[in-house]
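The values are calculated or read from the model by the stated rules, or taken from the named source; none is laboratory data. All values derive from a computational prediction rather than experimental measurement. For neighbour counting, all protein chains shown are included, and Cβ atoms are generated from backbone atoms with ideal geometry for every residue, glycine included.
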Amino acid sequence: MNYNPTQTNFAGVSPPGEESCKMIEAVLRYPVGSVLDLGTGTGFIGVSLALKDFEVEATDINNKALENAKKNAQLAKVSIKIFYSDLFDHIHRKYDFILFNPPRNPDEGLLTRLIISIIKKYPPLVNLILPLAQLIFGNKRRQFLLSFINNAQTYLNLKGRLILHLTEAEFKELSQSLPTIEFNLETLLLKSSGNEVITSIIFQ
């Protein structure tokens, strides 16, 4: 489903994929509230939820992405606060939902993001490269995810939800490593490169 028909995609900004739509669907299962769209990219998720009457703030570390998201918000005629933030560095409030599609390589730079934005436009390439990225960056990404999930709790309202896009293996490993946190399977994405999940996390 195309939640944002006015979507434009600037060069160097990763296009939204199937997981973006599934993350939107996960949020729409719950009452309307405030949303932080971390790593907004083109703004697809944030704009789509704003069109559904959610209060949205969106961030990115890529200035080109911020320009892209602002353009898409303008085209969709929705009001979204869009600003620079490296994860939670410039976040000073709490939300009902935080959405994030973590990078395969937590240390990726602008050149890497440009290459990824090109690769994502060709699904066969994604299926070839993702397993290799998981092999190379898997341990670094696991440590990043553990730290990120623990930090996210500070920025969620009571009963707020953290919506993440993970591999199925990461979902199982993290839910076992963090037994005091509730991991809910919202959607299972069947991929030839390895199954992925959209999970909503609630902190006890």
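Odds and ends about this structure:
- Scanning region 142-174 for residues that are closer than 23 Å to G39 by Cα, surrounded by 14 or more Cβ atoms within 10 Å (Cβ to Cβ) and free of Cβ contacts under 8 Å to residues at least 60 places away in the same chain returns R142, F144, L145, L146, I149, Q153, T167, E168, A169, E170, F171, L174.
- Within this structure, N184 passes the test of being part of a strand (DSSP E or B), surrounded by fewer than 18 Cβ atoms within 10 Å (Cβ to Cβ), modelled with pLDDT of 95 or more and not hydrophobic (A, V, I, L, M, F, W, C).
- Odd one out for A65 among (1) without any contact (Cβ under 8 Å) to a residue 40 or more places away in the chain; (2) outside any loop (DSSP other than H, G, I, E, B); (3) out of contact with any strand residue (DSSP E or B) (no Cβ under 9 Å at 6 or more places or on another chain): (1)
- With respect to the conditions (1) farther than 19 Å from I202 by Cβ; (2) buried (at least 23 other Cβ atoms within 10 Å of the Cβ), I98 lacks only one, and its number is (1).
- Scanning region 79-96 for residues that are over 23 Å from A11 (Cα atoms) and either outside any strand (DSSP E or B) or touching a helix residue (DSSP H, G or I) at 6+ places or on another chain (Cβ under 6 Å) (or both) returns S79, F88, D89, H90, I91, H92, R93, K94.
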